[in-house]
Amino acid sequence: MADRFIFSLRFSTKVFLKLAILSVAMILFMTLFRMNLYFLSVFHATANVDFIEIVHSFIAGLRFDILVFGFLFIPLYFLIIGQAITQKWPRWMFAFYKIYFGLAWFLICVLTFIDFFHFAKHGVRLRFEGYMNWTFDTLLEQAQGLQNNQTLIFCVITVMLFSLGYMLVKAIRFGEWKDEYSPQAGNGFEIFWRIALPLILIALAARGTVEPHHLRLEHSEVSLNKAVNEMALNAVWCFDK
């Protein structure tokens, strides 16, 4: 029984790793979204801004993007560790994990798409109150205020990045937990770090910082230019504000 448990726990680490790699790819895609926002909107309004401030905005943005996935992993942690302990790995749970990340990526892309046109017109991210008053006509009006090439480029980029994320989710394979057989017996330290390490990493990601206070709006304030500061945020984080 002890051997079966350690094999199951080792497999849980494998599942975490595969989902973490998927998350890193999606965080990279969010950075590409931010890069498009910069070149299509922010760049023209920040000609006098020091380039180092732009770099700091992208670094801060990376922290806000990681925070989003930290929160996405919180329920997954308890599900995966629960499966490791009970030694139950039904195939439908793997399908659930893929659907979970697929829906999360779809919502990230939708919010980012809507937010882009609001940002391009007002120079700030769209907050929760704005979503409550948002309609499709609002989107059309904001899109008409942009040059055609700006709208076309961002639409194409959105479709491409969503498709890439979808393909990565679809391609992920978890394998079988009984394939984790190893002649090395488990010990208390291995059990501890395989349970504790994912929890610590997820908690750090969800906080967005190792400082006493979790990631907040002031962490995006890297410049005197408001557009540069707003660029550091992301649509998902702002949806809750």
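Brief remarks follow.
- Among M30, M35, the order of accessible area from largest down is M35, M30, computed with a 1.4 Å probe on protein heavy atoms.
- Projected onto its three principal axes, the C-alpha set of the stretch 182-229 covers 59, 21, 10 Å, listed from the longest axis down.
- Between L217 and M35, residue separation times 0.36 nm minus the direct Cα-Cα distance comes to 63.5 nm.
- Of the trypsin sites (Lys or Arg not before Pro) found in the stretch 161-226, the ones in coil according to DSSP and having at most 15 other Cβ atoms within 10 Å of their Cβ are R173, R216.
- Cut-off 13 Å between beta-carbons: net charge of the residues surrounding F119, Lys and Arg +1, Asp and Glu -1: +3
- The figure for L62 is an accessible area of roughly 70 square angstrom, using a 1.4 Å probe on the protein chains alone.
- Projected onto planes of every orientation and averaged, the convex hull of the alpha-carbon atoms in the stretch 54-135 covers 7.5 nm².
- FRET efficiency for the W92 to F192 pair, using the beta carbon distance and R₀ = 30 Å, is estimated at 0.50.
- Residues of type aspartates and glutamates that K121 reaches as a straight line, Cα spacing below 18 Å, ignoring anything fewer than 8 places off in the same chain: E129, D137, E141, E230
- Accessible area of H118 in the full protein assembly, 1.4 Å probe (Å², nearest 10): 30
- Taking all protein chains together and a 1.4 Å probe, the residues V68, V210, V24 rank V210, V24, V68 from largest to smallest accessible area.
- When the GluC sites (Glu not before Pro) in the stretch 154-241 are filtered for DSSP coil states and for at most 16 other beta-carbon atoms within 10 Å of their beta-carbon, the remaining sites are E176, E221.
- Dipole magnitude of the chain, debye to nearest 20 (Cβ charges: Lys/Arg +1, Asp/Glu -1, about Cα centre): 780
- D_trans [Stokes-Einstein, Kirkwood Rh over alpha-carbon pairs] for the stretch 1-117, 4 °C, 1.567 mPa s, µm² s⁻¹: 78
- Kirkwood analysis of the Cα pair distances in the stretch 121-175 returns a hydrodynamic radius of 13.9 Å.
- Overall Cα dimensions of the stretch 1-43, principal axis frame, Å, largest first: 60, 9, 6
- Taking only the C-alpha atoms of the chain, the Rg (one decimal) and the largest Cα-Cα distance, Dmax (whole number), read 20.6, 66 Å.
- Sequence-distant aspartates and glutamates (8 or more away, or on other chains) whose Cα lies within less than 13 Å of K226: E53, E218
- The mean sequence distance of close C-alpha pairs (under 8 Å, at least 6 residues apart), as a share of the length of the stretch 40-154, puts its relative contact order at 26 percent.
- Extension gain (nm, one decimal) between W134 and Q147, 0.36 nm per residue minus Cα-Cα: 2.5 nm
The values are calculated or read from the model by the stated rules, or taken from the named source; none is laboratory data. Since the model is a prediction, treat every value here as computed from it, not as a measurement. Using ideal geometry, Cβ is built from the backbone for each residue, glycine included, and neighbour counts are taken over all protein chains shown. These accessible areas exclude ligands, DNA and RNA; they are computed on the full protein's heavy atoms, side chains included. Shrake-Rupley method; radii C 1.70, N 1.55, O 1.52, S 1.80 Å.
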